[in-house]
Amino acid sequence: MDLKIDIGEKNGVVLLKLDGEVDVYTAPKLKSRLVDLVDQGKFKIVVDLEEVDFMDSSGLGVLVGGLKRVRSHDGAIALVCTQENILKIFRITGLVKVFPIFENQDQAVQSV
Amino acid sequence: MSHKVSFVIPAKREFVGLVRLAIGGLSQVKPFDIDTVEDLKLVMSEICTSMIFKSAGEPSDISFSIEIDGSELTLDIDSAEAVNELVSSTSSEWAKTNQGEYGPSIITALMDKVELVSNGNGHSVLRLKKFF
């Protein structure tokens, strides 16, 4: 059980590509990356969840925390996700209305 | 025919993946569809997360009992007082853990029944049911 986080950039937008599982054990790693990015002045972020095998509310909490941080600097976070098992928890919790969710990175980068 | 499996984990973050693995193995006992197995993994992960936050700093265990009987799956989870916090939406402890605030809605959305039942020894266990 691990979470790999690749960080890239496209058109001034930070791309966070997650690979693995996001739960109470690995979520602090994601939180740390998001906090570091905001501290570095990066306020436009796309989080790609396409390679995420599992995510629970620990991951949701970190993403919401990240969104609050970037919004305080007029920034934004968009998500890339087409996996039904991941989209389901965004629907159950109503977070589909909070996060813009796209089918690919290009659409997400354009949105922020 | 009824099957019952029980196990105990330390209430620590690094053991939550082990619980999901155990749940994944249930599909060998009963041919659940993949969505059901994924839902059960998510529910168990949420429960573990809540109890780990509740027991932060205190050494404790989480006990699981899983029973499959015909078209009914019953999960009993016990971690002393942590179960009371889990089902109390007004709990200040629960509200403080921002990672946990979505947990109850996920658990109740994915399970057919969520209740506290007495274990006969003076405290309650959390019982979740799924009907097929």
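The values are calculated or read from the model by the stated rules, or taken from the named source; none is laboratory data. A quick note: this is a predicted structure, and the numbers were derived from the prediction, not measured. Neighbour counts are summed over all protein chains in view; Cβ atoms, including those assigned to glycine, are modelled from backbone coordinates with ideal geometry.
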- Item | A:Gln83, sole failed condition from (1) more than 11 Å from every other protein chain (Cβ to nearest Cβ); (2) touching a strand residue (DSSP E or B) at 6+ places or on another chain (Cβ under 9 Å) | (1)
- Message: Which pairs turn up if I take residues in the range A:5-24 that are within 14 Å of chain B (Cβ to nearest Cβ) and look for partners that are surrounded by fewer than 18 Cβ atoms within 10 Å (Cβ to Cβ) and not small (Gly, Ala, Ser) with beta carbon separation below 6 Å, at least 6 apart in sequence or on another chain?
- Response: A:Gly20/A:Asp2; A:Gly20/A:Lys4; A:Glu21/A:Met1; A:Glu21/A:Asp53
- Item | Failed criterion for A:Val112 (all others in (1) within 14 Å of chain B (Cβ to nearest Cβ); (2) at pLDDT below 95 hold) | (1)
- Return yes when B:Ser79 is buried (at least 18 other Cβ atoms within 10 Å of the Cβ), of a type in the set (Ser, Thr, Tyr), farther than 27 Å from A:Ile86 by Cα and modelled with pLDDT of 70 or more and no when it is not. yes
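Conditions tested, residue by residue: (1) outside any helix (DSSP H, G or I); (2) in contact (Cβ under 8 Å) with a residue 24 or more places away in the chain; (3) within 13 Å of chain B (Cβ to nearest Cβ).
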residue	(1), (2), (3)
A:Val47	yes, yes, no
A:Leu67	no, yes, yes
A:Val70	no, yes, no
A:Asp74	yes, yes, no
A:Ala108	no, yes, no
- Message: Return the residues of the range B:3-32 that are in a loop (DSSP other than H, G, I, E, B) and within 12 Å of chain A (Cβ to nearest Cβ); say none if nothing qualifies.
- Response: B:Ala11, B:Lys12
- Taking the residues in the range B:96-125 that are part of a loop (DSSP other than H, G, I, E, B) and modelled with pLDDT under 85 as candidates, determine which candidate is nearest to B:Met51 (Cα to Cα). B:Thr97
